[in-house]
Structures are given as structure tokens and as C-alpha cells.
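Take a look at the structure below.
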Amino acid sequence: MFSKTSRLFATCIAIIAWSTVMMQLYININLKLNPLSETLIRFFSYFTVLTNILVAVCCTAIATGSKKFFSRPATICAVAVYISIVGIIYNVILRNLWHPTGTQKIVDELLHVVVPVLFILFWLLLVPKNMLQWKNAFPWLLYPLIYLIAVMCRGSFSGFYPYPFLDLSLSAFQQVLLNCCMICAAFLFISLLFIWIAKLTSKK
């Protein structure tokens with residue numbers, strides 16, 4: 001299903017994504033702000049980290065010629081939607097809230113700009129799209145929904161929320177709920193947009 005060029009491109013993205021996630025983990029552990037167990041829980045509480053791992057897994061599956069779940073066109077499109085949201089939310093909402101320097105700045109750009117752009121280009125140029133259907137958008141919402149529920153449940157007793165727009169100590173419950181609804185709406189919109197692009201390009 002995937003050409004040699006596709007597998008090579010996927011290999012490059014996989015190397016970048018895996019390396020970047022590992023660098024971010026190394027930075028977090030070295031900060032020693034919390035016990036190791038809490039550091040690991042918080043690290044994997046970030047949608048950015050989890051989604052970059054999904055990108056890495058998808059690209060690894062494609063690069064190795066796997067025909068399982070993560071190399072299916074619908075799965076790849078879903079991950080492209082997720083990593084697009086990572087880039088959009090960070091660059092529109094979060095970028096001005098902190099100003100990393102040095103290695104952290106490089107890692108930050110890789111996680112939120114380089115990997116998203118590369119994976120979206122990969123999807124646009126090299127992934128089959130003719131099998132995508134409008135109904136695919138709805139099961140794709142499960143990942144962000146489960147993520148939001150898990151983060152909010154843990155935050156309610158730990159006090160840690162990975163993003164300020166989910167933080168109940170900063171905003172009223174109604175505002176956080178509205179934020180969650182808007183995030184889900186954004187996921188649905190981007191999903192439908194990607195499927196529309198897929199249908200448009202597959203007709204050519």
C-alpha cells in the first residue's frame with residue numbers, strides 16, 4: 001500500500017517524533033520538580049506528548065510495512081487530525097503563555113510545529129484517501145473525549161491540570177465545561193475538514 005518513498009518519509013518522521021518525545025521526557029525528569037512517579041504521570045498527561053507518540057507509532061508501523069491498525073488510512077487520518085489540533089491550540093492559545101529557552105525551545109518547536117507539519121504533509125501527499133467516509137469523524141472523537149475525562153478526573157483530586165483552559169483552580173466549572181465542548185467541536189470540525197479534503201483529492 002505504501003511506496004518506498006512513503007516508508008522513507010515515515011521513517012524520518014518516526015525518528016524525529018520518538019527522539020523529541022524522549023528528549024522532552026529527559027528534560028522533565030532532570031528538572032526534579034516532583035517524585036519520578038508523579039513526573040511520569042504528568043508527562044503522559046499532556047495531549048501533545050500522547051499525540052506525538054501516536055504519530056511515532058503510526059510512522060513506525062508504516063516504515064516497517066505493518067498492515068495492522070496503525071497503518072490503516074482511516075487511523076492515519078485520525079492521527080493527522082489530532083496532531084493538527086496540537087499545533088493549532090499551542091500556536092493560537094498557548095505559545096504566548098510561556099517562553100522556553102535553549103534545548104526546551106527546540107523540543108517545543110519540534111513537538112508543536114515540525115512534527116505536526118511533517119505528518120500533515122505526509123497525509124496530504126502520500127496516504128490513500130479514497131476509503132474515508134463522513135461517519136469516520138465520530139469514532140475519532142473517542143480519543144480526545146477519553147483524554148479529557150481522564151485528565152479532569154485526576155485533576156479533581158491531584159490539583160494538576162496540564163493545560164490552563166482545563167484548570168478548575170483558574171476558571172469556574174461552567175467555563176471549563178464550555179472549553180471542553182469547544183475543544184470537542186474543534187476536533188469534529190477538523191475531522192470533517194480532513195475528510196472533505198480526502199474526498200476532494202481522491203476525485204482527481
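The values are calculated or read from the model by the stated rules, or taken from the named source; none is laboratory data. Just so it is clear, the model here is predicted, and its values are computed rather than measured. No Cβ is skipped: glycine too gets one built from the backbone with ideal geometry, and neighbour counts run over all protein chains shown. To get the accessible areas, we keep the full protein, side chains included, count just its heavy atoms, and leave off ligands, DNA and RNA. Shrake-Rupley method; radii C 1.70, N 1.55, O 1.52, S 1.80 Å.
Against the numbered list (1) closer than 27 Å to residue 146 by Cα; (2) crowded, with 19+ Cβ neighbours inside 10 Å, residue 63 comes up short only at (1).
Note on the stretch 91-108: residues that are in contact (Cβ under 8 Å) with a residue 24 or more places away in the chain and either within 13 Å of the chain's Cα centre (by Cα) or closer than 19 Å to residue 191 by Cβ (or both) total 0. Among the numbered conditions (1) at pLDDT 95 or above; (2) in contact with a Leu (Cβ under 9 Å, 6 or more places away or on another chain), the only one that residue 156 does not meet is (1). Kindly check whether there is at least one residue in the stretch 120-137 that is basic (Lys, Arg), under 21 Å from residue 187 (Cβ atoms), open to solvent by less than 70 Å² (accessible area, probe 1.4 Å) and assigned to a helix (DSSP H, G or I). No - not one qualifying residue is present in the stretch 120-137. Looking at the stretch 63-96 only, could you name the residues that are small (Gly, Ala, Ser) and in a helix (DSSP H, G or I)? Answer for the stretch 63-96, where residues must be small (Gly, Ala, Ser) and in a helix (DSSP H, G or I): 63, 71, 74, 78, 80, 84, 87. Of all residues in the stretch 151-173, those being under 16 Å from the mean Cα position of the chain (by Cα) and either on the phi > 0 side of the Ramachandran plot or assigned to a helix (DSSP H, G or I) (or both) number 1. Suppose the filter is without any contact (Cβ under 8 Å) to a residue 60 or more places away in the chain, open to solvent by less than 40 Å² (accessible area, probe 1.4 Å) and within 30 Å of residue 24 (Cα to Cα); does residue 111 pass it? Against the criterion (without any contact (Cβ under 8 Å) to a residue 60 or more places away in the chain, open to solvent by less than 40 Å² (accessible area, probe 1.4 Å) and within 30 Å of residue 24 (Cα to Cα)), residue 111 does not qualify. Residues that are open to solvent by 10 Å² or more (accessible area, probe 1.4 Å), free of Cβ contacts under 8 Å to residues at least 60 places away in the same chain and farther than 17 Å from residue 29 by Cα within the stretch 42-53 comprise just one, 53.
In the condition set (1) outside any helix (DSSP H, G or I); (2) surrounded by 13 or more Cβ atoms within 10 Å (Cβ to Cβ), residue 99 is compliant with all but (2). In this structure, does residue 38 turn out to be more than 30 Å from residue 197 (Cα to Cα), acidic (Asp, Glu) and open to solvent by less than 60 Å² (accessible area, probe 1.4 Å)? Judged against the criteria, residue 38 is a match. The set of residues in the stretch 14-35 being among the hydroxyl-bearing types (Ser, Thr, Tyr) and surrounded by 14 or more Cβ atoms within 10 Å (Cβ to Cβ) consists of 20 alone. Within the stretch 142-166, the set of residues being free of Cβ contacts under 8 Å to residues at least 40 places away in the same chain and among the aromatic types (Phe, Trp, Tyr) comprises 157, 161.
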